[in-house]
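None of the figures in this text is laboratory data; all of them are computed from the coordinates on show. In this text, all values refer to a predicted model and were calculated from it rather than measured experimentally. Ideal geometry is used to build each Cβ from the backbone, glycine not excepted, and the neighbour counts take in all protein chains shown.
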Amino acid sequence: MEDKRILLCCGAGMSSGFMATSTAKAAKAKGLDWYVTAKSQSVAIDEMPDYDACLLGPHYESQLGEFKEAAKEMDSDVAIAVIPQEIYGNLDGAALVDFTLEILKEAGKI
């Protein structure tokens, strides 16, 4: 499968960094060539057109519309979704890979 760039949007907390690392390791274990990184909200909105998917931490669910509108204004086809709380809370990288694959399929990116 082609390489993908996955952006996790979070606050300044450590958990999203751990989530990105866990997800990158799980993707590699599945034979996926993914670059996964975590960025703060202000940076994520500006940089999301450079990614295939932008996944928001559950605490940003209320801002999903803002992210989708920003992507539309930037003429970006980035897939945007909220990470389910159970995946984020458990820092479950393997589950996030599966979730991301579904998001990418729905967006026609794989």
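May I ask for the net charge around Arg5, where only other residues with Cβ less than 9 Å from the Cβ of Arg5 are counted and Lys, Arg are +1 while Asp, Glu are -1? Result for the local shell: -2. Of Gly89, Gly17, Gly57, the residue with the greatest mean-square motion in the GNM of the chain, using alpha carbon springs below 10 Å, is Gly89. Taking a ≥ b ≥ c as the square roots of the eigenvalues of the Cα gyration tensor of the chain, is the shape rounded (a/c under 1.5), prolate (a/b larger than b/c) or oblate? Taking the square roots of the gyration eigenvalues as a ≥ b ≥ c, the chain is oblate. Using a Gaussian network model on the chain with a 10 Å cutoff between Cα atoms, which of Met19, Met48, Met74 fluctuates the most? Looking only at Met19, Met48, Met74, the largest GNM fluctuation is found for Met74. Can you say what percent of the DSSP beta bridges in the range 4-106, counting only those with both residues inside, are antiparallel? Round to 5. Looking only at bridges with both residues in the range 4-106, the antiparallel portion is about 0 percent. Distant-in-sequence amide contacts of Lys109, defined by a placed amide H-H separation under 5 Å and a gap of 5 or more residues or a different chain, comprise nothing.
Pairs of Lys residues in the chain, spaced 8 or more positions apart or belonging to different chains, with C-alpha separations under 27 angstrom: 25 in total. The modelled label-to-label distance for the pair Asp33/Glu47, using points 7 Å beyond Cα in the direction of Cβ, is 2.1 nm. The stretch between Glu86 and Lys109, if pulled fully straight at 0.36 nm per residue, gains 5.8 nm over its current Cα-Cα span. Positive contributions from Lys and Arg (+1) and negative ones from Asp and Glu (-1), summed over other residues with Cβ under 10 Å from the Cβ of Asp92, come out at -2.
Note that the range 18-30 has calculated 3J(HN,Hα) couplings of 5, 4, 5, 5, 4, 5, 4, 5, 5, 4, 4, 5, 8 Hz, one per residue in order, obtained from phi through the Karplus relation 6.51 cos²θ - 1.76 cosθ + 1.60 (θ = phi - 60°); glycine and proline are x.
Just checking the listed ones, Ser76, Ser16, Ser62: in the Gaussian network model of the chain with Cα springs under 10 Å, the one fluctuating most is Ser62.
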